[in-house]
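Please read the structure below before turning to the comments.
The values are calculated or read from the model by the stated rules, or taken from the named source; none is laboratory data. Note that the coordinates shown come from a computational prediction; the quantities given were computed from them, not determined experimentally. Don't worry about glycine lacking a Cβ; one is built from the backbone with ideal geometry, like all the others, and counts go over all protein chains shown. Please note that ligands, DNA and RNA were not included when accessible areas were found on the heavy atoms of the full protein model with its side chains. Shrake-Rupley method; radii C 1.70, N 1.55, O 1.52, S 1.80 Å.
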Amino acid sequence: MKSGEQYGFAKINLHLDVTGRRDDGFHTVKTVMQSLTLCDKIIFTPRSDGELTLSCNVPGVPLDESNLVCRAVRAYSKVRGINIGGDIVIEKNIPMAAGLAGGSADAAAMLKVLKEIDPVGIPIARLYGIASELGSDVPFCIAAGTAVGGGKGDVLRPLSDMPDCTVVVACGKEGVSTPMAYAMLDKKYDGFRTGAYEPRSTVALKRALDDGDIFGVAANMYNIFEEPISAVRAEVGQIKEAMLSGGAIGAMMSGSGPSVFGIFTDDSLAQKVVERLGDMGIFACICKPQK
């Protein structure tokens, strides 16, 4: 194999809802996902001894076999029936534990590298199968763009591209555990037993995407996690208010938080909000929808 590199793009949820709970304890969801130009980079240099090494520019990223990138290599190796070794470098820009699918994006980029440099390769459908086994966000992170997801979020259907806009992504200092977030929802909605909660419709959001109406997109976003997480992570509400008062046409928490994104039609207003959030000690950056 030769060396290779790929980008893994951050993901936001324009819509995120829980539609039920399965017998195995997993929740079923309906979500509209959008990838962003905010991204990590994976650089892979193969080695012949079958060993994997991992390095990263950001402290705190696990550098052992627990990292989803390493698990992606092992899963791909198993499907191919070979032992793939290499030195992996993660150049990280996506904040960790922020609801932006950074780990999933890195795993997706690693799978794309392996498919690209593997002289035999595997069918794309099998690659998506591996991705789904690694995590519910990984298949979308391979596909990128705009898509609706069902099941655990890994049953995908492409949607019309998000209209041109500027997106500000900001992340508070306190992360959110996904299991904790789901536990809060289970308590609030009685474990999603029949009749305990009525999922929201995505019809208006999809119509806005089809029409290229960014104001319609902003007006029809929804995240079931936002209310309970905002109650225990005050920065979520503070960031959202800073974006809306600073000129965002819409703002919402992404995933199970604590990141918040704002949609802007004026780049200068977006830049001022990034500076304001920086003065508050909050990481924020400007990006665009990734097609």
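What size of dipole, in debye to the nearest 20, comes out for the range 1-55 about its Cα centre when the only charges are +1 on Lys and Arg C-beta atoms and -1 on Asp and Glu C-beta atoms?
Working: 7 positive and 7 negative charges, 38 e Å.
Using Cβ point charges on Lys, Arg, Asp and Glu, the range 1-55 gives about 180 debye.
Taking only Cα atoms and a 10 Å spring cutoff, compute GNM fluctuations for the chain and point out the largest among Met243, Met252, Met184. Its mean-square fluctuation being the largest, the pick is Met184. Free of any GluC sites (Glu not before Pro) that DSSP assigns to a loop and that have at most 16 other C-beta atoms within 10 Å, the longest stretch within the chain is 175-291.
Considering only Val232, Val29, Val89, the Gaussian network model of the chain with Cα springs below 10 Å gives its largest mean-square fluctuation to Val232. Using Cβ point charges alone (K and R +1, D and E -1), the dipole size of the chain about the Cα centre works out to roughly 520 debye. I'd like the distance between the alpha-carbon centres of the range 97-173 and the range 276-290, rounded to an integer number of Å. Each part's Cα centre sits 23 Å from the other's.
Computed from phi, the 3J(HN,Hα) profile of the range 76-92 under the Karplus parametrisation 6.51, -1.76, 1.60 (θ = phi - 60°) reads 5, 4, 5, 5, 7, x, 9, 9, 8, x, x, 9, 10, 10, 9, 9, 9 Hz, with x in place of Gly and Pro. Charging the Cβ of each Asp and Glu at -1 and of each Lys and Arg at +1, and nothing else, the dipole of the range 1-159 about its Cα centre rounds to 420 debye.
One compactness figure for the range 231-287 is 1.02, namely its Cα radius of gyration divided by 2.2 N^0.38 Å. Rounded to the nearest 5, the antiparallel percentage of DSSP beta bridges internal to the range 48-198 is 45%. Using a Gaussian network model of the chain in which every pair of alpha carbons under 10 angstrom is joined by a spring, one finds that among Thr31, Thr178, Thr166 the greatest mean-square fluctuation is at Thr178. Taking every DSSP beta bridge that has both ends in the chain, the antiparallel portion is near 85%. In degrees between 0 and 90, to the nearest 10, how far off the longest principal axis of the chain does helix 124-134 point, with axes built from Cα atoms? So the inclination is approximately 70 degrees. Between Asp23 and Asp266, the FRET efficiency estimated from the beta carbon spacing at R0 = 30 angstrom works out to 0.05.
Ellipsoid fit via the Cα gyration tensor, the range 182-291: semi-axes of 27, 20, 9 Å, each the root of five times an eigenvalue, largest first.
Just so you know, the Cα atoms of the range 1-131 work out to an Rg and Dmax of 15.6, 47 Å. Close amide H partners of Thr28, meaning residues 5 or more places away or on another chain with modelled amide H under 5 Å apart, are Thr19, Gly20, Arg21, Arg22.
Heavy-atom accessible area per residue, the chain, 1.4 Å probe: how many Å²?
Numbers: 12570 Å² over 291 residues.
Here the per-residue accessible area is 43 Å².
Sparse packing (at most 12 other Cβ atoms within 10 Å of the Cβ) combined with a DSSP loop state is found for the following trypsin sites (Lys or Arg not before Pro) in the range 155-206: Lys173, Arg193. Computed on the chain, the Cα convex hull volume stands at 127 Å³ per residue.
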